[in-house]
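FYI, it's all coordinate maths here, none of it is from the lab. All of these numbers come straight from a predicted model, not from anything done at the bench. For neighbour counting, all protein chains shown are included, and Cβ atoms are generated from backbone atoms with ideal geometry for every residue, glycine included.
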Amino acid sequence: MSRLRVDGKDVVVFQGVYPPSEDTFLLIDALRSGAAGGALELCCGTGAVGLSIADKLDSITALDINPIAVKNARQNYMNNGLSGRLDAVVGDLFSPLKKQSFDLIFMNPPYLLDEEGGPEDLSWSGGEGGRRIIDRFIEGLGGFLGEEGRALFVQSTLNGIDESLDMINGEGMVGRVVSKVNFQFEGLVVIEVRHRPPQKD
Amino acid sequence: MKRRLLDILACPICKHHPLELRVFEEKEEIDEGILLCTGCGRWYPIIESIPHMLPDDLRDRKEDANFLLKWKRLIPDAVLKEGKP
């Protein structure tokens, strides 16, 4: 177990849980503007992203498919005195939730390309093309994003930005890149998604 | 797990809502208990205050068995005999 300080909060990292990294910080920065009532975090890992804005939320539902990650997140909310706002669930993306509206939805999913086809490490592998989680997220998002709500997620330029934006468009929503950081071989972006505003006559 | 979570949970398999809650241990939150889906007969354990709502193929069989054994006396017969998966 390691321990670090992320955006003013104490964060412990359990064995086997994805530690706060560049992509985590990129999403934290993108979320800095604006508060929200009810939020949903998917692929929450240590919970560091949600924790960074938990002060500004009424409640946050945090999900991860890995039971150790959810336990880790709960521990971090307790350590920072914010567990009263947290509802933690072990589950696969939106699947354990009934259709409802969140003001804010965010996710830092596993998106690394994994062309080997071998057993996948769920904490980082995005499957072939890295889109295993991203595609399912975009497909399900419409049923959970409030009318005025916004969703933010991280992906790599290698996953195909246009592919995501086209898919978002196809689901009747609007996506745009709101932040970007470049590395040697790839870039990381945060994509923001909103419902398409009603057409004016 | 807080009781308010019941308002937003659905069965991950058949999407039935609401789920039925049986509490085994409760202090500030529900520490141990079970969520029952009356739609498809599945059950989901609440372990250390966290509901585990995974699809069948991702469930931890050993953990499920331990959970059923630990709370055998409090788990409805229907779950022990006919509960899925």
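Here residue A:200 is the anchor, and the lysines within straight C-alpha reach of less than 29 Å, apart from those fewer than 8 places off in the same chain, are A:99. With the largest listed first and rounded to whole Å, the semi-axes of the equivalent ellipsoid of segment A:1-102 from the Cα gyration tensor are 19, 17, 12. Within straight-line reach of residue B:70, meaning a Cα separation under 26 Å, sit the following lysines at least 8 residues removed in sequence or on another chain: A:71, B:2, B:27, B:62, B:81, B:84.
Could you tell me the distance between the Cα centroids of segment A:15-44 and segment A:141-198, to the nearest Å? When both Cα centres are located, 15 Å separates them. Each listed q (0.10, 0.11, 0.13, 0.18 Å⁻¹) maps to a log10 I(q)/I(0) for chain A, found by the Debye formula over equal Cα scatterers with no solvent: -0.38, -0.46, -0.66, -1.32. Cross-link candidates for residue B:15: which aspartates and glutamates have Cα within less than 18 Å, leaving aside residues fewer than 8 places away along the same chain? Straight-line reach from residue B:15, under 18 Å: A:92, A:139, B:7, B:56, B:57. Restriction of the trypsin sites (Lys or Arg not before Pro) in segment A:1-50 to DSSP coil positions whose beta-carbon has at most 13 other beta-carbons within 10 angstrom yields A:32. For the peptide A:91-104, the mean number of other protein chain Cβ atoms found within 10 angstrom of a residue's Cβ is 5. Taking θ as phi - 60° and the Karplus parameters 6.51, -1.76 and 1.60, the scalar couplings of segment B:15-29 work out to 6, 5, 8, x, 8, 8, 10, 10, 9, 9, 8, 9, 10, 5, 10 Hz in sequence order, x denoting glycine and proline.
Set against the 2.2 N^0.38 Å expectation for a compact globular protein, segment B:3-82 has a Cα radius of gyration ratio of 1.02. Please give the length that would be gained between residue B:6 and residue B:56 if that part of the chain were fully extended, namely 0.36 nm times their separation in residues minus their C-alpha to C-alpha distance (nm, one decimal). Value of the extension gain: 15.9 nm. Note on residue A:5/residue A:183: beta-carbon distance plugged into 1/(1 + (r/R0)^6) with R0 of 25 Å gives a FRET efficiency of 0.60. With the highest mean first, a sort of the peptides B:1-10, A:162-171, A:94-103 on other beta-carbon atoms found within 10 angstrom per residue produces A:94-103, B:1-10, A:162-171. Please list the non-local residues whose amide H lies under 5 Å from the amide H of residue A:61, H modeled 1.01 Å from N, same-chain partners needing a gap of 5 or more. Distant-sequence amide H within range of residue A:61: A:39, A:40, A:41, A:87. With the simple model of a label 7 Å out from the Cα in the direction of the Cβ, residue B:77 to residue B:40 spans 2.6 nm.
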